[in-house]
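Take a look at the structure set out below.
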Amino acid sequence: MTLNELIKKATTISRRFTSGDIPLYINGREVDIELKEVKVNDNYRIVMQIVSRAEELTELRILDEVQVTFKHWKRFNEMLSQGLLKGVRFDSSEGIHLEFADNHTTADTGDWLILDEQKRWWVMNGEYHKNMVKQGKLIKV
């Protein structure tokens, strides 16, 4: 799709409605769309980023949290020796990949490992974690 095609489709839809703005939804969630102009050689491209609108999140009390970054590599190896993790892998192109001992939970670079009040580790998406912190809903006890 080109930028002109996007403008034409949006204009066609907006002409049918005369009162107020119409929110955009993707997969049932309200979103904002950011457009960024990028020059590649002598050509221009428009990079579209879809940003979910913040929603009111519920409070979560945790004992510990660790972001999946190379900075915490030693911690992941400790978790591996404790039997919490089945595998820890680093690839320069893909980043870090953690596989839990339960054989179905995985975490990748940017995710967060969360230790809940029942002392169970689980994975939280990086964007979701950022929103929880921004809203003050992630509480360390």
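The values are calculated or read from the model by the stated rules, or taken from the named source; none is laboratory data. The model shown is predicted, which means the values in this text are computed figures rather than measured ones. Cβ placement follows ideal geometry from the backbone for every residue including glycine, while neighbour counts extend to all protein chains displayed.
One residue stands out in region 1-35 among those that are in contact with a Lys or Arg (Cβ under 9 Å, 6 or more places away or on another chain) and part of a strand (DSSP E or B): the one that is surrounded by the most Cβ atoms within 10 Å (Cβ to Cβ), namely Val31.
Screening the candidates Trp112, Trp122 for the property of being aromatic (Phe, Trp, Tyr) and in contact (Cβ under 8 Å) with a residue 40 or more places away in the chain yields one hit, Trp112.
Take the residues in region 36-54 that are outside any loop (DSSP other than H, G, I, E, B) and basic (Lys, Arg); name whichever of them is surrounded by the most Cβ atoms within 10 Å (Cβ to Cβ). Ranking the candidates gives Arg45 first. Within region 114-141, if we keep just the residues that are under 19 Å from the mean Cα position of the chain (by Cα) and in a loop (DSSP other than H, G, I, E, B), the residue that is surrounded by the fewest Cβ atoms within 10 Å (Cβ to Cβ) turns out to be Gly136.
Residues of region 88-101 include at least one that is more than 13 Å from Leu60 (Cα to Cα), at pLDDT 90 or above and touching a His at 6+ places or on another chain (Cβ under 7 Å).
Considering only region 98-113, state which residues are closer than 28 Å to Arg53 by Cα and more than 15 Å from the chain's Cα centre (by Cα). Selection gives Thr105 alone. Going residue by residue through region 60-73, is there one that turns out to be at pLDDT 95 or above, of a type in the set (A, V, I, L, M, F, W, C), within 29 Å of Val141 (Cβ to Cβ) and touching a Gly at 6+ places or on another chain (Cβ under 7 Å)? There is at least one residue in region 60-73 that is at pLDDT 95 or above, of a type in the set (A, V, I, L, M, F, W, C), within 29 Å of Val141 (Cβ to Cβ) and touching a Gly at 6+ places or on another chain (Cβ under 7 Å).
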